[in-house]
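Worksheet for the structure shown next.
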Amino acid sequence: MSNLEYDPHLYTGNLDHREDHAPGDEPEESAGHWVLNSNLGLGFSIVLTAAAFYLAGSHLIWGPAVPVALIVLAIAQMGVHLVYFLHVTTGPDNTNNVLALAFGILVVFLIVAGSIWIMGHLNQNMMPMDQLMDMRR
Amino acid sequence: MSQVDLPATIDAIRRVREDPHRLGHRGHGPEGPVVGAGHGRTGPASKRIVVGYGFWIFLLSDIIMFSCFFATFAVLRGSTAGGPTAAQIVEMPRVGLETGALLLSSYTCGLSFAATNARSKLWTQVFLLVTGLLGLAFVAMELQEFISLAGRGITPQRSGFLTSFFGLVGLHGLHVTVAGMWLATMMAQVQLKGFRREIIHRLICFNLFWHALDIVWIGIFTIVYLMGVTA
């Protein structure tokens, strides 16, 4: 790789705090900062995972509410991973990352919710399978 | 910073002389970059940012592919065609172990990048190895699950639910397998090439990939396994 390309590392010996940052990367380079982030991420994740597995196997909360609780815990844990493992922040150096993520989440939501919605209606409006079979005879 | 940007410094002269197009040449003085992002006059971003951001876009497209499999599973979860339901094929202890292995591997992967930032080759390798072994344990447990299910006649051909189950979980397992091969490659590259800039860029991308796989697994163990058992 050419050394001619501009890279703040090369010219100043450290990351430029004024630049954008890709996910998984931060201007802070001290190992302690990264270890702390990993520890916090692991701690929160263990609590959220344990809560999810416990709720799924217990009658602590009202039965029909369990799936909702599980989804809330899952989304919370995804947030924990984004913040502590992927180092996505709300700072101005992360605007591009967050916008791309928001678009990704929008598409995921459209695909999943749209599929469930459309197929649910299709199932309701479709003739029951045995009648369909009778018609074909 | 201000010293570097003075036109008379050796670095600045070298930078201008070596690159006739002055690509990425930062402005200096009152015209210099402003705190924040998206200022075109500061020139193109460094390779480290372009590579990481490009990989981020790839990851999001990968997650969109997973969302199609999730949507299929959500639609077909009740179409068991008289075959086994989710509650009948899930072994909770195994899922718990798998989740633990993957979460711990995500943790050691984060630690390996902390070691990379500290430029410690030994600890980078140690944590990458632990990450790889945990990933291997995960794949082995999943493979064992699939084999034991197949032994009981529970295969993707049995019902729509099972097709979507094996498709979604299998796609994730395939990702972890491929990521494990990438991890082995990265360990060899770190060992032989050291912490060159392009190697660090690859390590950033690998970290992103591994953590993204753990995020997808959160969706799988919640929607497929836990909600399958409670439904």
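The values are calculated or read from the model by the stated rules, or taken from the named source; none is laboratory data. Note that the structure is a prediction, hence the values are computed from the model and not measured. Don't worry about glycine lacking a Cβ; one is built from the backbone with ideal geometry, like all the others, and counts go over all protein chains shown.
Applying the criterion of being surrounded by fewer than 22 Cβ atoms within 10 Å (Cβ to Cβ), among the polar types (S, T, N, Q) and not in a loop (DSSP other than H, G, I, E, B) to the residues of the range A:67-96, the residue that is farthest from the other protein chains (Cβ to nearest Cβ) is A:Asn94. Does B:Ser106 count as assigned by TED's automatic domain parsing to the domain that holds B:Ile200, surrounded by 15 or more Cβ atoms within 10 Å (Cβ to Cβ) and touching a residue at least 60 places away in the same chain (Cβ under 8 Å)? Taking the combined requirement at face value, the residue satisfies it. Across the range A:22-45, not a single residue is classified as over 15 Å from the mean Cα position of the chain (by Cα), in a helix (DSSP H, G or I) and acidic (Asp, Glu).
The listed residues are B:Gly82, B:Gly54, and the only one of them that is more than 7 Å from chain A (Cβ to nearest Cβ), of a type outside the set (Phe, Trp, Tyr) and over 20 Å from B:Ala212 (Cβ atoms) turns out to be B:Gly82.
Filtering the range B:68-83 to residues that are in contact with a Gly (Cβ under 9 Å, 6 or more places away or on another chain) and either of a type in the set (D, E, K, R) or at pLDDT 90 or above (or both) leaves B:Phe69, B:Phe70, B:Ala71, B:Thr72, B:Phe73, B:Val75, B:Leu76, B:Arg77. Apart from one condition, B:Cys68 fits all of (1) within 7 Å of chain A (Cβ to nearest Cβ); (2) crowded, with 20+ Cβ neighbours inside 10 Å; (3) under 23 Å from B:Gln157 (Cα atoms); the exception is (2). Residues that are in contact (Cβ under 8 Å) with a residue 60 or more places away in the chain and not in a helix (DSSP H, G or I) within the range B:135-174 comprise B:Ile154, B:Arg158, B:Ser159, listed in sequence order. The set of residues from the range B:94-150 being away from chain A (no Cβ under 12 Å) and of a type in the set (Val, Ile, Thr) comprises B:Val126, B:Val130, B:Val139, B:Ile147. Look through the range A:47-66, keep the residues that are within 19 Å of B:Leu102 (Cα to Cα) and facing chain B (nearest Cβ under 7 Å), and return whichever of them is surrounded by the most Cβ atoms within 10 Å (Cβ to Cβ). Selected residue: A:Ala52.
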